[in-house]
């Protein structure tokens, strides 16, 4: 039987999200002016579970170590960091951005919250899952979200969102579907699962000002197809949005909403510069850009506008002024603004790539633990990096204005 001290991934996590530097290596390096505008990141290959979240307040363990290890192994995107490093190196980037918190503890690619008991749909999960969803108390969950989820969100928004043209999230998935059919080597994921199912954005998640048509794809279809074609030519089997699409809480979907409202804000302030320092307009932009649903005032304004929430007496005037500002912003968002955003060559693309785990990792049949990487697996990750680097360079040289 395992003991907690036997699990090497139980360790502090001082930097929940960080830039991992790489050495440029390849013939398809991007021009230097474009390198800061491409972000390669991983969100599910973190390896840290801080010890303070493994016990109840009375010191008793939250989970059996054997069960915790099984969940840790199952949840982790083994090999994603290796592939991301290869892509960043082949593009000539300074590095890739990595989430260091283990997914079993906190899934940053979901909306904040605790997944309800008996949930069976992975795309409907929230950031905190079992055994921590039932094991941590309210104060521990607040600490977990504030310490890691909020810090990561603030770092991404302040350092890695603005100015991007391409965001590429690297994931890995199991070799087989639950039906035991074999998954493709690569899946390129660019559509939210609600839009794929219902041809609209989900109601009540993001603000209704976000146009449904933007939910069709988080990425230029030309870029997606350029990457797909490069993989197929090299012998990799590729499908799109299979076996699942993007959860709305994913970085890819949230980033697209953030980018659109940031574009709208810049256009609006350019037209009405007197609103730049207006508190009412500031509250509206805070709400629209609150794509991770963590800001109190943003969520309160959203509830006041769309669910008619009753406010404390002292807040009524402030939110009424914000309502008037919201109506002005809503009237400003016309077909021209939407058209200009959709056709802009500076509209960012966000794409998630799934690589089959068995192409990058071998797991011990007895313990389920990953075995040391082989030279073949390292070489395959390098090849994937060069395939994507070539596709992205071709996209910038020939395709960008057709995206």
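The values are calculated or read from the model by the stated rules, or taken from the named source; none is laboratory data. Model, not experiment: these values are computed from the prediction. Note that each Cβ is placed from the backbone with ideal geometry, even for glycine, and that neighbours are counted across all protein chains shown.
Output yes when any residue across the stretch 321-331 is over 30 Å from residue 226 (Cα atoms), at pLDDT below 95 and out of contact with any strand residue (DSSP E or B) (no Cβ under 8 Å at 6 or more places or on another chain), and no when none is. Step through it out loud before you land on a result.
Residues of the stretch 321-331 that are over 30 Å from residue 226 (Cα atoms), as a first pass: 321-331.
So of that shortlist, the ones also at pLDDT below 95 come out as none.
Looking through the stretch 321-331, none of the residues is over 30 Å from residue 226 (Cα atoms), at pLDDT below 95 and out of contact with any strand residue (DSSP E or B) (no Cβ under 8 Å at 6 or more places or on another chain).
Go through (1) outside any helix (DSSP H, G or I); (2) closer than 25 Å to residue 303 by Cα; (3) touching a helix residue (DSSP H, G or I) at 6+ places or on another chain (Cβ under 7 Å) one by one and return the number of the condition residue 188 breaks.
Going through (1) outside any helix (DSSP H, G or I); (2) closer than 25 Å to residue 303 by Cα; (3) touching a helix residue (DSSP H, G or I) at 6+ places or on another chain (Cβ under 7 Å) one by one, residue 188 breaks only (2).
Scan the stretch 284-301 and give yes if some residue there is surrounded by fewer than 21 Cβ atoms within 10 Å (Cβ to Cβ), over 23 Å from the mean Cα position of the chain (by Cα) and farther than 23 Å from residue 160 by Cβ, otherwise no.
yes
Return yes when residue 332 is closer than 20 Å to residue 28 by Cα and either touching a helix residue (DSSP H, G or I) at 6+ places or on another chain (Cβ under 8 Å) or surrounded by 12 or more Cβ atoms within 10 Å (Cβ to Cβ) (or both) and no when it is not. Give the steps one after another, and end with the answer.
Details: closer than 20 Å to residue 28 by Cα: no; either touching a helix residue (DSSP H, G or I) at 6+ places or on another chain (Cβ under 8 Å) or surrounded by 12 or more Cβ atoms within 10 Å (Cβ to Cβ) (or both): yes.
The answer is no for residue 332.
Among the residues of the stretch 365-375, is any assigned by TED's automatic domain parsing to the domain that holds residue 32, at pLDDT 95 or above and surrounded by 17 or more Cβ atoms within 10 Å (Cβ to Cβ)?
There is no residue in the stretch 365-375 that is assigned by TED's automatic domain parsing to the domain that holds residue 32, at pLDDT 95 or above and surrounded by 17 or more Cβ atoms within 10 Å (Cβ to Cβ).
In this structure, is residue 336 closer than 30 Å to residue 210 by Cα and either free of Cβ contacts under 8 Å to residues at least 60 places away in the same chain or in the same structural domain as residue 162 (by TED's automatic domain parsing) (or both)? Even if it seems obvious, please write down each step before you answer.
Details: closer than 30 Å to residue 210 by Cα: yes; either free of Cβ contacts under 8 Å to residues at least 60 places away in the same chain or in the same structural domain as residue 162 (by TED's automatic domain parsing) (or both): yes.
It is true that residue 336 is closer than 30 Å to residue 210 by Cα and either free of Cβ contacts under 8 Å to residues at least 60 places away in the same chain or in the same structural domain as residue 162 (by TED's automatic domain parsing) (or both).
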